[in-house]
1. For Glu224 and Arg92 in one chain, what is 0.36 nm times their gap in residues minus the Cα-Cα distance, to one decimal in nm?
2. The range 1-110: which GluC sites (Glu not before Pro) are DSSP loop and have at most 15 other beta-carbon atoms within 10 angstrom?
3. Run the accessible area of the range 1-103 with a 1.4 Å probe and give the carbon-and-sulfur part as a rounded percent.
4. Starting from the Cα-Cα distance between Glu328 and Lys216, subtract it from 0.36 nm times their residue separation and give me the gain in nm to one decimal.
5. To the nearest 0.05, how large is the calculated FRET efficiency for Gln344 and Leu402 if R₀ is 35 Å and r is the Cβ-Cβ distance?
6. What are the trypsin sites (Lys or Arg not before Pro) within the range 139-241 that DSSP puts in a loop, where the Cβ has at most 12 other Cβ atoms within 10 Å?
7. With every protein chain left in place, what is the accessible area per residue of the range 347-407 in square angstrom, probe 1.4 Å?
8. Taking a 27 Å limit on the Cα-Cα distance, which of the listed pairs Lys124/Lys355; Lys35/Lys291; Lys87/Lys126; Lys87/Lys355; Lys87/Lys291 fall beyond it?
Amino acid sequence: MADPSSYRPRPGQIPDSPGVYKFRDEHRRVIYVGKAKNLRQRLANYFQDLAGLHPRTRTMVTTAASVEWTVVSTEVEALQLEYSWIKEFDPRFNVKYRDDKSYPYLAVTLNEEFPRVQVMRGAKKKGVRYFGPYGHAWAIRETVDLMLRVFPVRTCSAGVFKNAERTGRPCLLGYIGKCSAPCVGRVTPEEHRDLAEEFCDFMAGRTGTYIRRLEKDMMLAAEEMEYERAARLRDDAGALKRAMEKSAVVLADATDADLIAVAEDELEAAVQIFHVRGGRVRGQRGWVTDKVEAVDTAGLVEHALQQLYGEETGDSVPKEVLVPALPEDPEAVSQWLAGRRGSQVSLRIPQRGDKKDLMITVQRNAQQALGLHKTKRASDLTTRSRALEEIAEALGLDTAPLRVECFDISHLQGDDVVASMVVFEDGLARKSEYRRFQIKGFEGQDDVRSMHEVIGRRFKRYLHEKERTGEWEETPAPTGPVPAPTGPVPAPADPAAPAPVGPAGPVPAPPEPAPGGPVPGAVAPAAPDTGPGEEPREDDGRPKRFAYPPQLVVVDGGQPQVAAAKRALDELGIDDIAVCGLAKRLEEVWLPDDDDPVVLPRSSEGLYLLQRIRDEAHRFAITYQRAKRAKRIRSSPLDDVPGLGETRKQALIKHFGSVKKLRQATIEEVCEVPGIGRRTAESVAAAFATAAPAAPAVNTATGEIIEDDDGGSRT
């Protein structure tokens, strides 16, 4: 625990201007980012008597080891910079909202020649018009199905579209009137784009125009006794009305607004957002967060606004944002929102009328979301805690292993040998920490030797990070003869990794941070460092690869694999990390130097967690191994032709129809392909002449030999 007075800036060193500040820990990782109108006043609050600080703030300042700041000219710039740094550094003491799901949007790809209507998730793309988000994808599909009667916009994928274009036959939707079939030329690109824009206008809330137009056309058709056409128009108008009914009218004045409500307790907070467009609820979403910093409702609202609109522009930011409490500096936040939208944005608390009533509904949803989250988490947390305690008791650990790393080896008869490392923290998968390895030290199949190599490479990286940050303590070098290793011969060291580093000798301490940079008083960053096989880079506070040690290493295998992993750790001088193995045959847990396994009960939560971790490592390893094998199988002699890029490869395959026919072509026939000169044609012929003929593929079900006419080779 650090004493805040040890890194408190000198009096008068901190400017009294607006700015953004960062607290870093002893390893130079950014742990908190904040903004202030007056940096001097705000930072002074952190360096008062610890007894007067909020418990969460006290934890943060005692974890930190330095503070630095950047001066900006306005509060709006401070808000923008704070959001950027929170996204970049992911500080552990900042409030971060977690989406409980990836919400689907109704998207219209206006950036394509023939716009397509589809369900989209994830990051938004430029040139695509989005509506939503929606709670369920099926709700989008039901709405689209109703609207395609009136706006028959393309909904098919690029592959289906190109196939219909090539064959001259539209898909089923084209035959039943739910697609205008631009793929076969029934409408021009301009006419189809007009349909897509009308679809967007209707979804944006301009509904009355289209329904009135359909009803007028229906009356004219009836007067002219075109009853079948009048019936179709009647059904079209009914379909649009049913689509409108799916989103209820909540604000009679056709308001465009987002309503944000917060429900919180001492530990957690839930945020709910209703997106109202044209007076109708067009989407809903919610987040839940741990209150890792001392923050009130206004602060939670400000963080929610940053999360919600930090990457949005234009109409995605509404004209009006209704909140339960105004942020600390509402004028600056309003200016920031206006900059994102490009026009004025009203940020206020609803006081009366329909908007106040709707805010109560949003608040009720937030309360229910928080209650549901706490119910789920309480159950899950209890189970995970019991599982970790059972593992600690079975393996004789002093504390529960909060970080567990599992390693697995995968190959196909000795080819494409790879390994995986998966990470579980507090019983949950942390996929951003997953790593995969290629076995480089030897050729062939040897799971024990592979495990030794992978464990050694992973923890050499860890030791390199400890050396870089100066965490090694001086201890006397070991004396006496070094015992000879037993078991399989260790794999050669990874050529890309540094030599093993141990605590046998002193390591220079990192330089003391000094004031400097563009702002007086800001702490200068550490000098660039060079990681294993990496270019020099700035120590910018981001978590480094392999920087955190686990409390437990699990290997997929039995006693030989466990012995190899333990030997790799011993060779590096690491003795504070537990090792065990989980054998598939009887689900036995093996410990180093034990002749008998540890048998956990079949109903044990600890065994179930170990199985989940082991199975996840196996899945991750075999996925990587299959990808490598598929890439090797898809290789072609054309890959070895110098100067032959993907475009000309595709031109050759398209001209001849398959690799088999290209292999049989003469140099003169190859020269006929546009863009292929005689020298390149000779290189192509030479590549096929030197390549071994591919073995015929066999259908294992029928025994038939499959002809290679698919544009690739089977090697």
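1. Extending this stretch completely gives an extra 40.4 nm.
2. Working: sites: Glu26, Glu68, Glu75, Glu77, Glu82, Glu88; in loops: Glu26.
Answer in residue order: Glu26.
3. Here carbon and sulfur together make up 46 percent of the probe-accessible area.
4. Working it through step by step, the gained length comes to 35.0 nm.
5. Values: r = 49 Å, r/R0 = 1.40.
FRET efficiency, Gln344 to Leu402: 0.10.
6. Numbers: sites: Arg141, Arg149, Arg154, Lys162, Arg166, Lys178, Arg186, Arg193, Arg206, Arg212, Arg213, Lys216, Arg229, Arg232, Arg234, Lys241; in loops: Arg149, Lys178, Arg186, Arg206.
Sparse-neighbourhood loop trypsin sites (Lys or Arg not before Pro): none present.
7. With the other protein chains kept in place, the range 347-407 gives 57 Å² per residue.
8. Working: Lys124/Lys355 29 Å; Lys35/Lys291 18 Å; Lys87/Lys126 20 Å; Lys87/Lys355 32 Å; Lys87/Lys291 17 Å.
Beyond 27 Å: Lys124/Lys355; Lys87/Lys355.
The values are calculated or read from the model by the stated rules, or taken from the named source; none is laboratory data. Note that the coordinates shown come from a computational prediction; the quantities given were computed from them, not determined experimentally. In this analysis, Cβ positions are derived from the backbone assuming ideal geometry, glycine residues included, and neighbour counts consider all displayed protein chains. Accessible surface is based on the protein model in full, side chains and every heavy atom, while ligands, DNA and RNA are left aside. Shrake-Rupley method; radii C 1.70, N 1.55, O 1.52, S 1.80 Å.
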